[in-house]
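Every number here is computed from the coordinates shown, using simple stated rules; none is lab data. Model, not experiment: these values are computed from the prediction.
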Amino acid sequence: MIHHILRMKARADVTPEQAEEVLSCLREQGRVIPSVRSFTVGRDYGGDYQWGAVFMIEDLDGYWEYLVHPAHAHTDRVGLPLVERIETYDVSDDEDPEFGPKIAELHRRRYEQDPELAALVFALPQFAGHGAA
């Protein structure tokens, strides 16, 4: 099982309506992407981030499905331009020592296949984690 976790801090000029749209997009991802087994989207407590999300995904095939699903692409295009800082990371019980590099490779492949997304990611002021380009 993979717990894909993201934490976000919005730019200072983001309106409450824009923030709610991003959160709605994240919730929609959880509802419509078949490989997502469960999810939580909401306020981030205990740090300098405002929102967070956790998506539980069965395996790397499901992770790829999650990454390239149109609902995820839509969230990226709505949300990334509004973000000042984002951090993504993954927690898994898979014992393969190459598991982390395999996840990083999926992200790299996604950016290669979607130059528009890659441009959005490269434009972020701060991005850390597997999804960072």
Limiting things to C-alpha atoms, what are the Rg and the maximum Cα-Cα separation (Dmax) for segment 1-115, in angstroms? 14.0, 43
Output the 0 to 90 degree angle, nearest 10, between the alpha-carbon long axis of helix 16-32 and the longest principal axis computed from the alpha carbons of the chain. 20
Explain nothing, just the number: relative contact order of the chain, from Cα pairs under 8 Å at least 6 residues apart, as a whole percent. 32
In whole Å, what are the extents of segment 35-74 along the principal axes defined by its C-alpha atoms, from largest to smallest? 32, 21, 13
Distance from segment 101-133 to segment 50-64 (C-alpha centre basis), Å: 15
Quick check: the angle from helix 99-113's long axis to the longest principal axis of the chain, C-alpha only, nearest 10 degrees? 60
